Structures are given as C-alpha cells and as structure tokens.
1. If only one of ILE163, ILE135 is within 24 Å of ASN208 (Cβ to Cβ) and touching a Leu at 6+ places or on another chain (Cβ under 9 Å), which one is it?
2. Going through the stretch 181-217 one residue at a time, which ones are in a loop (DSSP other than H, G, I, E, B) and crowded, with 23+ Cβ neighbours inside 10 Å?
3. Looking only at residues that are under 20 Å from the mean Cα position of the chain (by Cα) and without any contact (Cβ under 8 Å) to a residue 40 or more places away in the chain in the stretch 221-235, which one is nearest to LEU283 (Cα to Cα)?
4. Can you tell me how many residues within the stretch 251-277 are surrounded by fewer than 15 Cβ atoms within 10 Å (Cβ to Cβ) and in contact (Cβ under 8 Å) with a residue 60 or more places away in the chain?
5. Of everything in the stretch 122-180, what is among the acidic types (Asp, Glu) and either in a loop (DSSP other than H, G, I, E, B) or crowded, with 23+ Cβ neighbours inside 10 Å (or both)? Give them in sequence order.
6. Give SER275, SER285, SER249, SER268 a once-over and let me know the one that is over 16 Å from the mean Cα position of the chain (by Cα) and of a type in the set (Ser, Thr, Tyr).
7. Can you report the number of residues in the stretch 87-128 which are of a type in the set (Lys, Arg) and in contact with a strand residue (DSSP E or B) (Cβ under 8 Å, 6 or more places away or on another chain)?
Amino acid sequence: MLIRVAVIMAAALALSVLSRAAKAAELHPLIFAPGVISSEAPDIAPAFLDGSRSLFFSRRVDGRWSVLHSNRRGKTWSTPTLASFSGRWNDLEAAAAPSGRYLIFASDRPGPGGKTRLTAHYYGQDQVGGALWRIELTGAAAGVSSRLEDSINAGGSVWTPSIAANDDLAFMRTDAGTGRFRLFLARSNGGSGYGSVLPFAFSTGAANDVDPALDPAERFLIFSSDRSTPGHDGAPGPEHLFIALSPMSAHPVVCPLRFPGWSDPRVSEVEPRLSPDGMHLYLASRHPDHVSGAPVSGPWDNGNANIWVVRFSPELWRTGSGPGCR
C-alpha cells in the first residue's frame, strides 16, 4: 500500500512538473516571421485584418517610421510593401478596427492647412510629435484619411491607438502636469466621432504608462509602463507589460505580465497587440533571439526591436492577490 501511494505521489509530482514546464513553454515569446516581418530594422505594432490574412505593421528605415503591409499565403507572409497612405511622414502604430472598416495610426504629418511636421517636448527634450489619423478601408470613402478631433489630438504627442468592437478608442498622450504619458479612452459617439475623453483611473501620470492594447470587449487592457522600473531626471525607465482587469472600473486590478525565463528587467517590452481571435499576444522588444554565448539566430537578431508572439489568455494573469497586483 505504501509503495502504491509513493508511486501515485511520484506520478502526480511528475505531471505537475510537466504541466509547469508546458505552461512555461507556452509563455515563452518567439520571433514573429523572422527575416520577413521581423527584419534587421526596428519593427513594431502588427495590426491584423481579414482573418489574420492581412497585416499592417511599422518599420523604421533611415530615421523615419513607415507603415508597411503584407499578406499571408498559407503559413508564409509576403515581402512587405509600403502602405498606400504612408512614406512621406513618420507614420506608425496602425490599429485596425475589429470591424475591418478603418485603421487609426499615429503620424507627425501636419494637420489641415499646415505645412510642417509636428514636434513636441517630453522627457525633457524636443521630440517628434504625433497625432492620430483615421483612414477608411471600405466603401466609397476607402483610402480617405482624416485627422481625429482635437479632444483626442491635444498637446502634440498622441500615440498608440487601440480600437474596441464598439469603436471606443484607447490611446496615450503626455500629461500636462507631470510630462509623463497617460492612457486615455475616447468613447465612440456611434458614428465616426467621439464623445467623452477621459484618462483610465489606474493611469495617473505618476509613471509612464504607454502603448494600450484594449480587449475588443473591454474586459481588460494590456499596456507597457515603467511603474516598476522608474527612470531618472525625467527620462523613462525600462518599460514592461502589465494587464489591467476591468479597466473601466474605478479600481481595476493591475498585474505585471512576465514571461518566466525570458523577461529581462533591463530590456523593455512595448507595443502589445492582440491577435483577432485573442489567442496570441504580440509585443516589441530588443530582447536577443539567442541565449548568452550562442551565435545570433539571423540578421534580425541584431539588437533592434523585433516583433515577438506568445500564446495568451487573460486568465493566466487573473491573480488579484498575487505579488505585484494592485
């Protein structure tokens, strides 16, 4: 009898170890489309359309960000080409409406009637400015772009749109009081415009909160922040991923997203994006694609930002009483 109990306990322990190993493997990010989408240049912010068969993302070449487009054939992505609306200004961080009707992207292009690119001042120095623009993808207005209203584009430093299924819009912009970035939500007015524009309660300006990725049903929001690794003298610290559960509430639970054996407190993880089915999380990081002492994995493994992908379920981080959650 004691032998049988010992065998059962050993088997249970082995299954537990295998289960933990399998979960750790699931939470290990991998380079997305290496050599095609993730290249030698910095690449960030994928936005998927048409059942994940079409992709817009941002690449920086010769000091300028542009939005590129690629199509998937089977398991292979086509060589990216410049999006029709991009190439002259700094254009980046395109987000697709879940309906597929339009994109919203950030750009330093001048507003209506303007002639010079936007500039801004944050992190203690002059910077490239940004405002959010919308481009229609369907219908008679397809290809027409328009600058979002001033209630959103205030301050000259507005970035990283994320669109809910009801057309609510999450984004980031600098806080007038602290100079740090905060996360905001613009409520859709049911048409192509917006009503109220308010900060999320958990994003106060005490830390740099950036790059929101809003669940289409608004059950959670993933973002990057230096709240656990603050910088000095106005500069941001390394920014890492967090998840806010019930983000519209007055007191949402905010927990860190960490990837065991992969996350490095010195290396930022930014620009989170969800796949259309919600089963995968994409992020950008300069994290190396090789273990210390091993050869590099390819031309993309050069210290620039790459796009990474990892399996995702919000339940994995629904630990309101866990360490780091508040």
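1. None of the others qualify; the one that does is ILE163.
2. Result: SER203, ASN208.
3. Applying the filter and picking the extreme gives SER225.
4. 3
5. Hits for the stretch 122-180 are GLU149, ASP150, ASP167, ASP168, ASP175.
6. On inspection, the qualifying residue turns out to be SER249.
7. Residues that pass the stated criteria total 3.
Read-outs throughout are calculated quantities, based only on the coordinates presented, and are distinct from any laboratory measurement. Remember, predicted model here, so these are calculated numbers, not experimental data. Backbone-built Cβ (ideal geometry, glycine too); neighbour counts: all protein chains shown.
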